[in-house]
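What follows is one structure encoded as structure tokens, with my remarks underneath.
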């Protein structure tokens with residue numbers, strides 16, 4: 001998987017969480033049709049996801065396009081990529097943050 005999120009064709013945004021959750025090493029499980037296929041940790045994102053936000057802010061400022069309040073910044077991948085197939089039910093759970101799911105269209 002590429003660190004710049006170019007393997008993503010979409011993303012899910014959930015409810016806002018107060019920044020009091022330590023997200024440095026949260027477990028992540030992605031399941032296909034109820035079976036876990038990816039297990040990872042937020043620590044796999046540059047050692048801490050906040051590092052990717054700091055890097056994004058620095059690069060954006062250097063390009064005279066500073067990050068703006070409300071913008072969504074994707075931190076990067078916490079595991080390898082896995083191919084999706086039509087009809088597949090995908091669920092992702094992130095420890096202490098919640099879960100989301102979707103079905104791949106036929």
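The values are calculated or read from the model by the stated rules, or taken from the named source; none is laboratory data. Quick caveat, the model's predicted, so the values are computed rather than measured. Methodologically, a virtual Cβ is constructed for each residue, glycine included, from the backbone with ideal geometry; neighbour enumeration extends over all protein chains shown.
Points worth noting:
- Check on residue 36, in contact with a strand residue (DSSP E or B) (Cβ under 9 Å, 6 or more places away or on another chain), loosely packed, with under 12 Cβ neighbours inside 10 Å and assigned to a strand (DSSP E or B): yes
- Against the test of being part of a helix (DSSP H, G or I) and exposed (fewer than 13 other Cβ atoms within 10 Å of the Cβ), the options 58, 51 yield a single qualifying residue, 58.
- Condition met for residue 66 (surrounded by fewer than 13 Cβ atoms within 10 Å (Cβ to Cβ), touching a helix residue (DSSP H, G or I) at 6+ places or on another chain (Cβ under 7 Å) and in a loop (DSSP other than H, G, I, E, B)): yes
- Matching residues in the stretch 39-48 - criterion: being under 16 Å from residue 23 (Cβ atoms) and either exposed (fewer than 14 other Cβ atoms within 10 Å of the Cβ) or in contact with a helix residue (DSSP H, G or I) (Cβ under 8 Å, 6 or more places away or on another chain) (or both): 42, 45, 46, 47, 48
- The set of residues in the stretch 56-86 that are free of Cβ contacts under 8 Å to residues at least 24 places away in the same chain and farther than 21 Å from residue 13 by Cβ comprises 58, 59, 61, 62, 63, 64, 65, 66, 83, 85, 86.
- Scanning the stretch 87-106 for residues that are free of Cβ contacts under 8 Å to residues at least 40 places away in the same chain and not in a loop (DSSP other than H, G, I, E, B) returns 99, 101, 103.
- Residue count for the stretch 13-29, restricted to those that are in contact with a strand residue (DSSP E or B) (Cβ under 7 Å, 6 or more places away or on another chain) and either loosely packed, with under 10 Cβ neighbours inside 10 Å or at pLDDT 85 or above (or both): 5
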